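Following: one structure in structure tokens, then a few remarks.
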Amino acid sequence: SEIDSFVDRASAAEPAIDYSAADGVRHTSWIIDSEEDISFLRDQFSSIECLYIADGHHRSAAASRVNLSRQGAGQSSQFLAVIFPHNQMQILSYNRVVKSLNGMTAEEFLSRLDSLFVIQSGGDGGCKKKNELGLYLRGKWDSFFFKCDRVKAESLMGELDVALLQNHVLGPLLGIDDPRNSTQ
């Protein structure tokens, strides 16, 4: 909340950069350069135990590898990032399209899903809660919620919806072990 208040005060001033790109999106930036403000922000961020990467984990890993290969030379230990509080961001759906049900009928597939999910008929495909998935099958959407015993994993990464989908549905039921290269 202290960082939010600081940003509100700072962004009430005239921006240092203010332009609209060719696509019509307006971009504004403010410069924070006083030692007092920088010290305040450093102190605030040092009290945050951890950050989660919602997008850009591949870029972060690549930047880490560059830093290691350069042994920290130059500015290789730094890379551009943006941080948003969880209550000020929206993570959009990331849909998977499969071509077949791996030899199962729709009824067989839904029956297999019944052991993994609490299934609610209807919906619009938009997932609003953690561990919720949407399935569009036979011309309609249904909402699926992972059963509690299925969301426990050995790591936080394993508890992400995308990992749960891969480990419980795409791999074992549909035979999609590598979604990037699958022909399913």
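For segment 25-184, averaging the sequence separation of C-alpha pairs within contact (under 8 Å, six or more residues apart) and dividing by the residue count gives a relative contact order of 14 percent. Only one of (1) 124; (2) 217; (3) 105 was calculated from the structure for volume of the Cα convex hull per residue in Å³, and its label is (2). With a Cα cut-off of under 22 Å and a minimum spacing of 8 residues unless on different chains, the lysine pairs in segment 47-174 number 10. What a 1.4 Å probe finds exposed on the chain is 53% carbon and sulfur by accessible area, rounded to a whole percent.
Counting only protein heavy atoms and a 1.4 Å probe, segment 92-184 has 67 square angstrom of accessible area per residue.
The values are calculated or read from the model by the stated rules, or taken from the named source; none is laboratory data. Bear in mind that the values here come from a model prediction, so they are computed numbers and not experimental data. Surface accessibility is based on the protein's heavy atoms, side chains included, excluding ligands, DNA and RNA. Shrake-Rupley method; radii C 1.70, N 1.55, O 1.52, S 1.80 Å.
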